[in-house]
Amino acid sequence: MSPPEASPVVLVIDDDEPYRDRLVRAFGRKGFAAHGAASASEALERAPVLRPRYAVIDLRLPDGSGLDLVRELKALDARITLVVLTGYGSIATAVEAVRRGATHYLSKPVDVDDILLAFAGATLPAGEAAAREHQVPSLARAEWEHIQRVLADCGGNISQAARLLRIQRRSLQRKLSKHPVRE
């Protein structure tokens, strides 16, 4: 998707600062005027001023649900294109996100190209070509990323993460000592 002459504005709403900053930089490299917000309240404060054409919203925010934010941003501007991201996808929340006005629902981890595909829709020729080229992560890669998310949710506590993952602490330590699986 190539942006028109005036750079389209995208607002990335995610409380994970490194991930949010990475997406903002990546959108900037793609020709967008990209901005970040760490919470629903910050997004609602910035949206009327920025007037974003696109928004990427994390489902779990520190001050509310991304689903509620979808509805509120749509109320501010019905033309905004919204993509909801989550680390823990479910069919029920995906349906609810779309019902509230989201264009698409993606499970993390995603990169800017995945999000651009969701913005464009698979019916556009460029979207179709990119969709054919897009590689599904291997099972080993998906497992490694899931372990990293759970560990982050546990604040780095390996014992707690092992309990949540229902594996022995030693097994988790072995998995963590390996490098991430490359695609």
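Some values worked out for this structure:
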quantity: Members of region 45-73 found to be open to solvent by 50 Å² or more (accessible area, probe 1.4 Å) and over 14 Å from the mean Cα position of the chain (by Cα), listed by number; calculated: GLU45, ARG46, PRO48, VAL49, ARG51, ARG53, PRO62, ASP63, ASP68, ARG71, GLU72
quantity: Within region 76-95, tally of residues that are touching a helix residue (DSSP H, G or I) at 6+ places or on another chain (Cβ under 7 Å) and either surrounded by fewer than 17 Cβ atoms within 10 Å (Cβ to Cβ) or on the phi > 0 side of the Ramachandran plot (or both); calculated: 1
quantity: Search result, residues across region 11-63 that are touching a Lys or Arg at 6+ places or on another chain (Cβ under 7 Å) and among the β-branched types (Val, Ile, Thr); calculated: VAL12
quantity: Region 62-79 residues that are farther than 19 Å from ALA94 by Cβ, paired with ones that are of a type in the set (Gly, Ala, Ser) (beta carbon under 7 Å, 6 or more apart); calculated: PRO62/SER39; ASP63/SER39; ASP63/ALA40; ASP63/SER41; LEU76/ALA47
quantity: Where GLU96 falls short, out of the listed (1) touching a Ser or Thr at 6+ places or on another chain (Cβ under 8 Å); (2) assigned to a helix (DSSP H, G or I); calculated: (1)
quantity: Scan of region 17-44 for residues that are open to solvent by 30 Å² or more (accessible area, probe 1.4 Å) and in contact with an Asp or Glu (Cβ under 7 Å, 6 or more places away or on another chain), ordered by number; calculated: ALA38, SER41, LEU44
quantity: Residue list for region 1-40, restricted to those being among the small types (Gly, Ala, Ser) and more than 18 Å from the chain's Cα centre (by Cα); calculated: SER2, ALA6, SER7, GLY31
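The values are calculated or read from the model by the stated rules, or taken from the named source; none is laboratory data. All figures in this text were calculated on a predicted structure; none of them were measured in a lab. Please note: Cβ atoms are built from the backbone with ideal geometry, for glycine as well, and neighbour counts cover all protein chains shown. Each accessible area value is taken on the protein alone, full model and side chains, heavy atoms only, with ligands, DNA and RNA left out. Shrake-Rupley method; radii C 1.70, N 1.55, O 1.52, S 1.80 Å.
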